[in-house]
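No lab work stands behind these numbers, since they all come straight from the coordinates. Being a predicted model, the structure only gives us computed values, none of them experimental. Because the Cβ atoms are built from the backbone with ideal geometry, glycine has one as well, and the counts that use them run over all protein chains shown.
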Amino acid sequence: MENEKNASVLDLLLRTDLPDVRKALPEKRMEVKRLSELAGEPVIFTLRALSYKEIRDIQDKRREDQAVSAVLYACKDPDWRDQRLLSAVSGAVTPLDVIQARLSPGEIDELYVEIQKLSGYINRTLREVKNA
């Protein structure tokens with residue numbers, strides 16, 4: 001009787017007003033305080049959530065490369081792949097080198113935490129349902 005009153009999970013998933021999370025990735029702007037102090041003006045990064053495929057690609061990397069790879073994938077601004085950055089950082093061969101040259105390890109890890117939150121990790125996204 002109660003099931004008749006409530007829509008099924010399938011019915012809920014079929015609703016057209018549910019966003020396609022592959023196309024509507026959440027974004028967030030984060031200020032890197034140390035860089036802002038050095039620059040004398042706000043240095044604000046625009047981060048976006050990672051797609052499922054990007055998450056899996058990052059998880060396939062060595063543990064020590066995962067956080068910096070997430071920063072590379074998730075930063076809309078700055079674009080760490082910009083050739084001007086590679087040219088500006090002595091000894092940089094890859095965008096990962098540039099990130100590690102410009103950001104402290106703590107800043108990389110803090111950005112990684114924010115990226116994980118945007119991607120649905122860290123905060124609980126599921127709730128256990130117990131029989132009454």
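No other residue among Val113, Val89 is in contact with a helix residue (DSSP H, G or I) (Cβ under 8 Å, 6 or more places away or on another chain) and on the phi < 0 side of the Ramachandran plot apart from Val89. Taking helices (runs of 4 or more DSSP H) as the structural unit, those lying wholly within the stretch 1-61 and holding at least 1 residues that are surrounded by 10 or more Cβ atoms within 10 Å (Cβ to Cβ) and of a type in the set (A, V, I, L, M) correspond to 9-13, 33-39, 52-59.
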